[in-house]
Amino acid sequence: MLIVRSPVRISFGGGGTDLPAYYEQYGGAVLSTTINKYFYTILGSRLDQCIQIISSDLRICENWRNFASLEVEDNGLEIPVAVLRDLNREIYADLFLASEILPGTGLGSSASVCVNVLKTLTSYLHLPLSKQDLAERAFHVARNVLGRHVGKQDEYAAAFGGLNFFEFLPDGGSRVQAIDAGTGLMSELQNSLLLFFTGAARQSWQILAEQEKSTYEHSPRPLEALHEIKELAYQMRDVLRAGDLPAFAAMLNESWHAKKRVSARISNSRIDTLYELAIHNGALGGKITGAGGGGFLLLFCEPQHQDAVRQVLGREGLKEMTFCFDYQGAHVLVNDPFIDNDEHSASRWTFVPLLSRT
């Protein structure tokens, strides 16, 4: 039996520049961190040449009698099916999927699903992938197999974990810089961030498709905004390294206003009202997570002002989600051959002899 966990992420800056339409021309850059809200896959072997996938969140269960009958359909299970088909290795197993986060909330949950299932299956099949290869393969599944308008940042965040600065190069390559801001500053940053669910979940692909179209067409307003967003991502990385959180908060605010110029669908009157209420009550900056249009409102707010922000947003019906930073990325939690006598599991166990006592 295998149990694999992968995190979701909050993105601070650079979102939209990780889309191929942008980075293939100009290069992209994203600053993000993963948080302790996870997607899980539990794999158990089968001996009857059947495949079963169960989603506890969507309350969907599908069975296929053989590998050749797998189909990629928009039925809620298309991501694990696409991963299975893309690997093109016969495997007969039960896959149980569970998440701590609703889909469509702007935290990169779809990418976390893809990275997680891919990590599970490649571990089970003894096909180890580096973190970068895991991210790239998951991006390939989402972009090319499923045909979705997605960027690379979510897959990279889920695969690597932690606070990272990702650069996406015009030649398709990437650079990953782990930001080591120190324990004290990371604690202060974490304690200054608040997440509130706006109550609206949505799929971001249509918004991202519109962004890609405007980028390919070199539309001046959204393209200039994306250039500004990328430059601010570099500046946010630098001020974090310097330990200047007030400057970081100001750039988060500036980046949000630039982001709204990319597409009219990124924000709306409701989101604008909530954001301004938060700023008026002490928040220094923030943004809607993900592509926009709904999901979570991320705010930078110093502790002394947080009660006021919680009260005003609570009166608007928003619920806060508490979180901590995650530093591991996708990894195997349980790899136990004794549960179901599966020879594929626990191949990486090593047994170290006890030191003799004197």
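Listed values, structure above:
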quantity: Helices (runs of 4 or more DSSP H) wholly inside the stretch 125-234 containing at least 3 residues that are within 25 Å of M321 (Cβ to Cβ); calculated: 153-160, 183-191, 205-216
quantity: Single residue of the stretch 73-99 satisfying the filter (among the acidic types (D, E) and surrounded by fewer than 15 Cβ atoms within 10 Å (Cβ to Cβ)) that is farthest from the chain's Cα centre (by Cα); calculated: E90
quantity: Residue check, E62 more than 19 Å from G108 (Cα to Cα), of a type in the set (D, E, K, R), surrounded by fewer than 24 Cβ atoms within 10 Å (Cβ to Cβ) and modelled with pLDDT under 95; calculated: yes
quantity: Unique match (being β-branched (V, I, T), at pLDDT below 95 and touching a Ser or Thr at 6+ places or on another chain (Cβ under 9 Å)) among V115, V72, V150; calculated: V150
quantity: Lone unmet requirement of (1) farther than 30 Å from K319 by Cβ; (2) touching a residue at least 24 places away in the same chain (Cβ under 8 Å) for E100; calculated: (1)
quantity: Flag for H227 being modelled with pLDDT under 95 and under 17 Å from E24 (Cα atoms); calculated: no
quantity: Test for L102: is it more than 23 Å from Q211 (Cα to Cα), part of a helix (DSSP H, G or I) and not aromatic (F, W, Y); calculated: no
quantity: Qualifying strands (runs of 3 or more DSSP E) (wholly inside the stretch 11-77; at least 3 residues being in contact (Cβ under 8 Å) with a residue 40 or more places away in the chain and touching a Leu at 6+ places or on another chain (Cβ under 8 Å)); calculated: 28-45, 51-55
quantity: Qualifying residue in the stretch 249-257 (condition: in contact with a Ser or Thr (Cβ under 9 Å, 6 or more places away or on another chain), at pLDDT 95 or above and more than 30 Å from L125 (Cβ to Cβ)); calculated: yes
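The values are calculated or read from the model by the stated rules, or taken from the named source; none is laboratory data. In this text the structure is predicted, and so the values were computed from the model without any measurement. Ideal geometry is used to build each Cβ from the backbone, glycine not excepted, and the neighbour counts take in all protein chains shown.
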